[in-house]
Amino acid sequence: MTTDIKATLRAQRIETPSWAYGNSGTRFKVFAQKGVPRDPYEKLADAAQVHAHTGAAPTVALHIPWDAVDDYADLARHAREHGVAIGAINSNVFQDDDYMLGSVTNPDPRVRRKALGHLLECVDVMDATGSDTLKLWFSDGLNYPGQDDLRARQDRLAEALSAVYERLGDGQRFLLEYKLFEPAFYATDVPDWGTAYAHCLRLGPKAQVVVDTGHHAPGTNIEFIVAFLLREGRLGGFDFNSRFYADDDLMVGAADPFQLFRIMHEVVRGGGLDPRTGVAFMLDQCHNIEPKIPGQIRSVMNVQEATAKALLVDAAALRAAQDAGDVLGANAVLMDAYNTDVRPLLAELREESGLDPDPMAAYARSGYSDKIAAERVGGTQAGWGA
Ligand code: AFD
Ligand code: MN
């Protein structure tokens, strides 16, 4: 059993976001950190550190235009030279002044055309980088009742999504991301998994839903959403992070490791770890006060630990207890796996893969942090571009 679990964990791939390595903060303050990358090339170098120490993070999501370059083939080459590859392409229709009243759902057709143009440019970037996944998040929404027509905005959204869907090439897909709140305060045009699912269902199999674990009302049963979407073949992937109160973008598993375990249990139960399902395990986090690279390393480790625990669930015993209506017995089977310390198993796995059993300590010893702080002087540090 351990051999199988190790093989599955060895095959697990977790994607880190380029924007996690830049400065980030809240509307109150962005705290600049020493050594932060100044361009996509340096971001990829930092992301490569996460993969080098964990062995589980070989791809890096880009965000356009933050990571726009003249020559994507050269950027892809740079990534390969550092042992990583470009992953999902994230669109950005939330930071241009034209988008104040929305992007693809804006009442002004000129703005809608501009937003759609950007989305189609992102597919061009996919063609240039060989990425198969476009991630679409719309901050579009309203601050007041009556401000605009909720139904008309869905019509506009559907029109834009259809145009992007038609543009996708073979082997390409888009992941539609929902978010209950922020930056809009009254209504968001893609607020929940049902809205995202309905739009994807209408379009076809190349449209799937991405579950950002910070994008729900407090107390939402996220693992139910995961189980449902996976069963429907519409779980495109995750934007993993964790939250205490809002979309806090903290290290995944840091606020509620039990919830992350329950999510990964549904992934394992539904076959979502099989690469053929295409479920993308992406991180989407912004570490405002934590050092960037170690924050990503810890997050990758947290996903690995939750996955290892989920793989330890005795599926036969669980099913037997469930079928027998043995409430406490079934719960005990799940809790038994959750309460297992899987760190020795993961340490062993890393050593067998030629890695240091403790990625955090290995990174700290590497001196990379001091190196980039000393070298990266001048230039303009990457950030959220807000
Ligand atoms: C913001 C949004 C959303 C999106 C991310 C990258 O809330 O999570 O995936 O930016 O564009 O965090
Ligand atoms: Mn996200």
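The values are calculated or read from the model by the stated rules, or taken from the named source; none is laboratory data. None of the values given here were measured: they were computed from a predicted structure. Glycine also receives a Cβ, built like all others from the backbone with ideal geometry; neighbour counts cover every protein chain displayed. For the accessible areas, the whole protein counts, side chains as well, though only heavy atoms, and no ligand, DNA or RNA atoms are used. Shrake-Rupley method; radii C 1.70, N 1.55, O 1.52, S 1.80 Å.
Figures for the structure shown
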item: All positions within the stretch 348-386 that are closer than 15 Å to Ala52 by Cα and aliphatic (A, V, I, L, M); result: Leu349, Leu355, Met360, Ala361, Ala362, Ala364
item: Residue count, the stretch 1-23 (criterion: at pLDDT 95 or above and part of a loop (DSSP other than H, G, I, E, B)); result: 4
item: Sole residue being open to solvent by 50 Å² or more (accessible area, probe 1.4 Å), among the β-branched types (Val, Ile, Thr) and within 30 Å of Asp314 (Cα to Cα), chosen from Thr26, Thr3; result: Thr3
item: Among (1) of a type outside the set (Lys, Arg); (2) open to solvent by 10 Å² or more (accessible area, probe 1.4 Å); (3) under 24 Å from Leu283 (Cα atoms) - the single one Tyr144 does not satisfy; result: (3)
item: Selection status of Lys34, surrounded by fewer than 24 Cβ atoms within 10 Å (Cβ to Cβ), at pLDDT 95 or above and not in a strand (DSSP E or B); result: yes
item: Condition broken by Glu290, with the remaining ones in (1) assigned to a loop (DSSP other than H, G, I, E, B); (2) within 16 Å of ligand 2 (Cβ to nearest atom) satisfied; result: (2)
item: Among (1) small (Gly, Ala, Ser); (2) in contact with a strand residue (DSSP E or B) (Cβ under 7 Å, 6 or more places away or on another chain); (3) more than 15 Å from ligand 2 (Cβ to nearest atom) - the single one Ser299 does not satisfy; result: (3)
item: Residue count, the stretch 348-386 (criterion: aliphatic (A, V, I, L, M), without any contact (Cβ under 8 Å) to a residue 12 or more places away in the chain and open to solvent by less than 70 Å² (accessible area, probe 1.4 Å)); result: 1
item: Residue in the stretch 86-95 that is among the β-branched types (Val, Ile, Thr), touching a strand residue (DSSP E or B) at 6+ places or on another chain (Cβ under 8 Å) and at pLDDT 95 or above present; result: yes
item: Residue within the stretch 166-187 that is open to solvent by 30 Å² or more (accessible area, probe 1.4 Å), more than 16 Å from ligand 1 (Cβ to nearest atom) and in a helix (DSSP H, G or I) present; result: yes
item: Residue within the stretch 130-137 that is open to solvent by 10 Å² or more (accessible area, probe 1.4 Å), within 21 Å of the chain's Cα centre (by Cα), away from ligand 2 (no atom under 16 Å from the Cβ) and touching a residue at least 40 places away in the same chain (Cβ under 8 Å) present; result: yes
item: Considering residues of the stretch 41-64 that are in contact (Cβ under 8 Å) with a residue 60 or more places away in the chain and farther than 18 Å from Arg365 by Cα only, the residue surrounded by the fewest Cβ atoms within 10 Å (Cβ to Cβ); result: Ile64
item: Residue count for the stretch 253-272, restricted to those that are open to solvent by 20 Å² or more (accessible area, probe 1.4 Å), under 14 Å from Ala310 (Cβ atoms) and either in contact with a Phe, Trp or Tyr (Cβ under 9 Å, 6 or more places away or on another chain) or within 16 Å of ligand 1 (Cβ to nearest atom) (or both); result: 5
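For (1) in contact with a helix residue (DSSP H, G or I) (Cβ under 8 Å, 6 or more places away or on another chain); (2) open to solvent by 10 Å² or more (accessible area, probe 1.4 Å); (3) more than 16 Å from ligand 2 (Cβ to nearest atom), each residue gets a yes or a no:
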position: His199; (1), (2), (3): yes, yes, yes
position: Val211; (1), (2), (3): yes, no, no
position: Gly214; (1), (2), (3): no, no, no
position: Gly219; (1), (2), (3): no, yes, yes
position: Ala227; (1), (2), (3): yes, yes, yes
position: Arg231; (1), (2), (3): no, yes, yes
position: Phe240; (1), (2), (3): yes, no, no
position: Phe244; (1), (2), (3): no, yes, yes
position: Met251; (1), (2), (3): yes, yes, no
